[in-house]
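Encoded as structure tokens, the structure appears first; notes follow it.
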Amino acid sequence: MSKHVLAQNQYGKAENRIVKVTRKGSDGSWHEIRDLNVSVALRGEFRDVHLTGDNANCLPTDTTKNTVYAFGKEHGIASPEAFGILLAKHFVSSQSPIREAQIRIEEYAWERIPVPTRKEQHSFVRKGQEVRTAQITYSETTGLQVISGLKDLTVMNSTNSEFHGYIKDKYTTLKEAYDRILATKVTARWAHSALAADDAAFDWDQSYKKVRKNMLEAFAETYSYSLQQTLNQMAERVLDNCPRVNEVRLNLPNKHHFLVDLEPFGLKNDNEVYFAADRMYGLIEGTIHRDGVQPVIATSDWIVA
Ligand SMILES: O=c1[nH]c(=O)c2[nH]c(=O)[nH]c2[nH]1
């Protein structure tokens, strides 16, 4: 007789990141998204799995992961609770060794970026995460320098993004994309002209709002062939509309969303169910400034997505 007792145990795949795009309206141009982090834990008759290595009662964690993505397609995500109920009941009712299933879900909330000029709506910004930044330097010789900014402003376009026509060498495996999600967590800094810095009446709060709005609108309105192109559009829009901003530097991690292959389950993924990867990520960075102005924003900052 063993002296040891196998007590509480459970297993499953944790942190399945799923983004579900639902197309609405007669032409499907009104997009809704749900962005979840789903963890599955199964409890039941798993003594032998632990004690003898007999896996007859073990539903692989990989299967629990696939089930999350397949259910996203088959049932949609009406709410975290409704999705969790479907999954929990499925595991318990479909496999007799599984007696309990616990589904834990975090939902990340997104708001629309309103684009009044178009009826298609597929641009979103994550709620309440962004941080406003400011760096002020005053020098006896060169005077005031004000660099405003923001970080952690996460945005997504659920369509109107392509990436193809790139170099292909013997290490290239990336498939060309003609309709992909484009998402990034914006770090932006913008340097003001001395005209703004030395003007006691300059409204910094108003200026911040205006720069942010221009960046968001440019992100939403750009039909993108690369994040590099979107970066340039965002910065140019700010320089075009904010006359006292001389320079914009953007650090844009490409928050990759990979289409999940649902073919093995007999399901077609019509750009609806994505795996949101948090690492590794492309990191696209650049400075755009007015002609004739010397750039002043540091380029060496370490940005972590
Ligand atoms: O917008 C992109 N720019 C790239 O340079 C790149 N590289 C890559 O693998 N995917 C992407 N996407």
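The values are calculated or read from the model by the stated rules, or taken from the named source; none is laboratory data. Just so it is clear, the structure is predicted and the values come from calculations on it, not from any experiment. Reconstructed Cβ throughout: ideal geometry from the backbone, glycine too, with neighbour counts over all protein chains shown. Surface areas here come from the heavy atoms of the whole protein model, side chains and all, with no ligands, DNA or RNA. Shrake-Rupley method; radii C 1.70, N 1.55, O 1.52, S 1.80 Å.
Computed FRET efficiency, Cβ-Cβ of Ala82 and Asp261, R0 25 Å: what is it to the nearest 0.05?
That gives a FRET efficiency of 0.50.
Calculate one ³J(HN,Hα) per residue across segment 145-156 by plugging θ = phi - 60° into the Karplus curve 6.51 cos²θ - 1.76 cosθ + 1.60, and present them in order as whole Hz with x for glycine and proline.
10, 10, 10, 9, x, 8, 9, 6, 9, 9, 10, 8
Carbon and sulfur atoms: what percent of the 1.4 Å accessible area of segment 16-108 do they account for?
48
Mind pulling the angle between the C-alpha long axis of helix 227-241 and the longest principal axis of the chain? Nearest 10 degrees, somewhere in 0 to 90.
Computed tilt is about 40 degrees.
Hey, which lysines would be in cross-link range of Lys255, C-alpha to C-alpha under 19 Å, not counting anything within fewer than 8 residues on its own chain?
Within the straight-line limit of under 19 Å, Lys255 reaches these lysines: Lys20, Lys127, Lys151, Lys175, Lys185.
Expressed in nm to one decimal, what extension gain is obtained for the pair Met280 and Arg244 from 0.36 nm per residue of sequence separation less their Cα-Cα distance?
9.3 nm
What residue among Pro97, Pro60, Ile33 has its Cα farthest toward the positive end of the dipole of segment 16-108, where the charges are +1 on Lys, Arg and -1 on Asp, Glu, each on the Cβ?
In segment 16-108, that residue is Ile33.
Provide Thr184, Thr287 ordered by accessible surface of protein heavy atoms (probe 1.4 Å), highest first.
From most exposed to least exposed: Thr287, Thr184.
What whole-number value in Å² describes the accessible area per residue of the chain for a 1.4 Å probe?
Here the per-residue accessible area is 55 Å².
Return the loop-located trypsin sites (Lys or Arg not before Pro) in segment 130-204 (DSSP other than H, G, I, E, B) with at most 11 other Cβ atoms within 10 Å of their own Cβ; answer none if there are none.
In loop regions of segment 130-204 (DSSP not H, G, I, E or B), the sparsely surrounded trypsin sites (Lys or Arg not before Pro) are Lys168, Lys170, Lys175.
Mind giving me the FRET efficiency for Lys213 and Tyr166? R0 is 30 Å, r the Cβ-Cβ distance, nearest 0.05 is fine.
With R0 = 30 Å, the Cβ-Cβ based efficiency is 0.40.
Which FRET efficiency value, to the nearest 0.05, is calculated for Glu120 and Ser96 with the Förster distance at 41 angstrom and r the Cβ-Cβ distance?
Result of the calculation: an efficiency of 0.30.
Just want to confirm a number: the relative contact order over the chain, from Cα pairs under 8 angstrom separated by 6+ residues, in percent.
Answer for the chain is 16 percent.
Would you please name the trypsin sites (Lys or Arg not before Pro) within segment 235-293 that are DSSP coil residues with at most 10 other C-beta atoms within 10 Å of their C-beta?
Lys268, Arg279
Probe radius 1.4 Å, ligands and nucleic acids left out: which of Trp30, Trp204 has the largest accessible area, and how do the rest follow?
Trp30, Trp204
Mind grabbing the accessible area of Phe258 for me, 1.4 Å probe, Å², rounded to tens?
Accessible surface of Phe258 is approximately 100 Å².
Please sort by residue number the GluC sites (Glu not before Pro) in segment 103-164 whose DSSP state is loop and whose Cβ has at most 12 other Cβ atoms within 10 Å.
For GluC sites (Glu not before Pro) across segment 103-164 that sit outside H, G, I, E and B with at most 12 neighbouring Cβ atoms in 10 Å, the list reads Glu140.
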